[in-house]
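Working notes, beginning with the structure itself.
None of the figures in this text is laboratory data; all of them are computed from the coordinates on show. Remember, predicted model here, so these are calculated numbers, not experimental data. For neighbour counting, all protein chains shown are included, and Cβ atoms are generated from backbone atoms with ideal geometry for every residue, glycine included.
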């Protein structure tokens, strides 16, 4: 992102920040203008209305959380297990993407159009997991089950309040990933 951001991008970025912090109801033109230190009149030079901004925010989230992740994973390479781990880390451990992703999930519970968008994004993410798992597992039903478990662990771990006796969350999630990715216990993280 080395290039200077256009004012349109600043509105979108501020909208995503507000979404991540306070949900879709926090994405208000007046509040965004105040946070940006500009008048709200400038908003209408770029967007027809708040809905247009929300759509562009979703476009930016989808591009960053799917296309940019896929591009980076393909660029950095590695075996299928490493690629699926990297995709998960970039998406669900990211200080930037995770809060936006969780806010979009909450928003999708009340908005059918957002739910459709989330389904499309999740379908792309699930396909990445299927493709990776399919490189070492031939049973389509098992591939699907492992992809589902991977996705549920990635998202659900952020909602789970349970303790892990004798451990912290990170090593438990790492071991769960090893199990899902069929990594022998004596070769973790492979």
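Per-structure values
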quantity	calculated
Residue 153 vs. criteria under 21 Å from residue 128 (Cα atoms), part of a helix (DSSP H, G or I) and in contact (Cβ under 8 Å) with a residue 40 or more places away in the chain	no
Residue in region 71-78 that is part of a loop (DSSP other than H, G, I, E, B) and surrounded by fewer than 15 Cβ atoms within 10 Å (Cβ to Cβ) present	yes
Complete set of residues in region 39-53 that are assigned to a helix (DSSP H, G or I) and either under 15 Å from residue 7 (Cβ atoms) or touching a helix residue (DSSP H, G or I) at 6+ places or on another chain (Cβ under 7 Å) (or both)	40, 41, 42, 43, 44, 45, 50, 52, 53
Lone unmet requirement of (1) free of Cβ contacts under 8 Å to residues at least 12 places away in the same chain; (2) surrounded by 13 or more Cβ atoms within 10 Å (Cβ to Cβ) for residue 39	(2)
Region 165-178 residues that are within 17 Å of residue 82 (Cβ to Cβ), paired with ones that are surrounded by fewer than 15 Cβ atoms within 10 Å (Cβ to Cβ) (beta carbon under 6 Å, 6 or more apart)	178/188
